[in-house]
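Enquirer: Have a look at this one.
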Amino acid sequence: MKVANGRAAADVRRRRARAPLPLCNMSGLLKLDNALRTKVDAFRERMTAEAEDLVASFFPKKLLELDGFLKEPLLNVSDLATIHSDLNLPVPEPIMLTNSHDGLDSARNIKKRKLEDGESNCPGTKVFVIPNGMLKSNQQLVEMIEKIKPEIRTLMEKCNTVKMWVQLLIPRIEDGNNFGVSIQEETVAELRTVESEAASYLDQISRYYITRAKLVSKVAKYPHVEDYRRTVSEIDEKEYISLRLIVSELRNQYVTLHDMIIKNIEKIKRPRNSNTDALY
């Protein structure tokens, strides 16, 4: 009889340890403003409703939309030469110097002086103005980038919302029965990784523009060097392949997140349960 009473008392103590602190006790530990608490609770409810809709409805729709985008002709160019862009930089006619009055002697003296000074850098042609006006970007790639950038931003924003929702579901720290909490933390880590990768896609696009601008400047400065012109075309082809891979990765990330959260939704929403009572 005493053993049974002792087990019953132990069960009561365990239930009290797992039960959340009542509002009066929390108010004793920390002074809370009831009006602010009401607003915070309303924010949590709104965040929960939005995140659950994202996982249940938005993610599946978006992955199907991106899968259809991958099948469009814009992302299925077989001959990459068709995406090359004309630089519109003509090769100037060579300047023939015939005598000292044309500057031949002065040019030789300058070259000799540079060799004596140990300078080996070729200054190239000074570019004061582009003959045919402003050099345009590769319009096909610009069109692709303008379509893909909103998708990257959307994925970052939606991942941030779902991440906040899962973080708010994490219960207070306790000893034991934390398997569900570990699943929540793993989900948060995956969402944070996807968010970081999406941000890196934007950096990649910026680096493409900077790299291409430097190469085009080289073409303008050294118009007779064909390798610079070919390098610009190679950069455009590489960026086209990268953009298609980005769209594929965006689709795959929606699939992965949706699958991961749906499979573990029970533990994510209820990380702890009362099944441990059956062990005593």
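The values are calculated or read from the model by the stated rules, or taken from the named source; none is laboratory data. Keep in mind that what you see is a predicted model, and the values were worked out from it rather than measured. Quick reminder, even Gly has a Cβ in these numbers, built from the backbone with ideal geometry, and neighbours come from all protein chains shown. Calculation scope for accessible area: heavy atoms of the full protein, side chains included, ligands and nucleic acids excluded. Shrake-Rupley method; radii C 1.70, N 1.55, O 1.52, S 1.80 Å.
Enquirer: Across the range 167-188, what is the total count of residues that are open to solvent by less than 70 Å² (accessible area, probe 1.4 Å) and more than 20 Å from the chain's Cα centre (by Cα)? Before the answer, list the steps.
Expert: Here is the first cut: in the range 167-188, the residues open to solvent by less than 70 Å² (accessible area, probe 1.4 Å) are 167-171, 174, 176-178, 180-184, 187-188.
Imposing the further condition that a residue be more than 20 Å from the chain's Cα centre (by Cα) reduces the set to 167-171, 174, 176-178, 180-184.
Of the residues in the range 167-188, 14 are open to solvent by less than 70 Å² (accessible area, probe 1.4 Å) and more than 20 Å from the chain's Cα centre (by Cα).
Enquirer: Could you check ILE241 against (1) of a type in the set (Val, Ile, Thr); (2) farther than 20 Å from VAL77 by Cβ; (3) open to solvent by 20 Å² or more (accessible area, probe 1.4 Å); (4) under 23 Å from the mean Cα position of the chain (by Cα) and say which number it fails?
Expert: Among (1) of a type in the set (Val, Ile, Thr); (2) farther than 20 Å from VAL77 by Cβ; (3) open to solvent by 20 Å² or more (accessible area, probe 1.4 Å); (4) under 23 Å from the mean Cα position of the chain (by Cα), the lone unmet condition for ILE241 is (2).
Enquirer: From SER57, SER106, SER120, grab the single residue that is at pLDDT below 55 and open to solvent by less than 100 Å² (accessible area, probe 1.4 Å). Talk me through it step by step, then tell me what you get.
Expert: Values: SER57 fails: at pLDDT below 55; SER120 fails: open to solvent by less than 100 Å² (accessible area, probe 1.4 Å).
Testing whether each residue is at pLDDT below 55 and open to solvent by less than 100 Å² (accessible area, probe 1.4 Å) leaves just SER106.
Enquirer: Can I ask one more? For the range 201-214, name all the residues that are more than 13 Å from the chain's Cα centre (by Cα) and either closer than 20 Å to LYS163 by Cα or surrounded by fewer than 18 Cβ atoms within 10 Å (Cβ to Cβ) (or both).
Expert: Here is the first cut: in the range 201-214, the ones more than 13 Å from the chain's Cα centre (by Cα) are 207-214.
Of everything in the range 201-214, those that are more than 13 Å from the chain's Cα centre (by Cα) and either closer than 20 Å to LYS163 by Cα or surrounded by fewer than 18 Cβ atoms within 10 Å (Cβ to Cβ) (or both) turn out to be ARG207, TYR209, ILE210, THR211, ALA213, LYS214.
Enquirer: Residue by residue through the range 220-238, note down the ones that are more than 30 Å from the chain's Cα centre (by Cα), touching a residue at least 60 places away in the same chain (Cβ under 8 Å) and closer than 19 Å to ALA81 by Cα.
Expert: Going residue by residue through the range 220-238, those that are more than 30 Å from the chain's Cα centre (by Cα) are 220-229.
Checking which are touching a residue at least 60 places away in the same chain (Cβ under 8 Å) leaves us with 220-224, 229.
Within the range 220-238, ARG229 is the sole residue that qualifies.
Enquirer: Out of (1) assigned to a helix (DSSP H, G or I); (2) in contact (Cβ under 8 Å) with a residue 40 or more places away in the chain, the odd one out for ASN252 is which?
Expert: ASN252 satisfies all of (1) assigned to a helix (DSSP H, G or I); (2) in contact (Cβ under 8 Å) with a residue 40 or more places away in the chain except (2).
Enquirer: Given the structure, is ARG192 part of a helix (DSSP H, G or I), over 23 Å from LEU66 (Cβ atoms) and open to solvent by 80 Å² or more (accessible area, probe 1.4 Å)? Write out each step before concluding.
Expert: Numbers: part of a helix (DSSP H, G or I): yes; over 23 Å from LEU66 (Cβ atoms): no; open to solvent by 80 Å² or more (accessible area, probe 1.4 Å): yes.
In short, no.
Enquirer: Can ALA198 be described as open to solvent by less than 80 Å² (accessible area, probe 1.4 Å), aliphatic (A, V, I, L, M), without any contact (Cβ under 8 Å) to a residue 60 or more places away in the chain and within 17 Å of LYS62 (Cβ to Cβ)? If you could, list the steps in order and put the result at the bottom.
Expert: Values: open to solvent by less than 80 Å² (accessible area, probe 1.4 Å): yes; aliphatic (A, V, I, L, M): yes; without any contact (Cβ under 8 Å) to a residue 60 or more places away in the chain: yes; within 17 Å of LYS62 (Cβ to Cβ): yes.
In short, yes.
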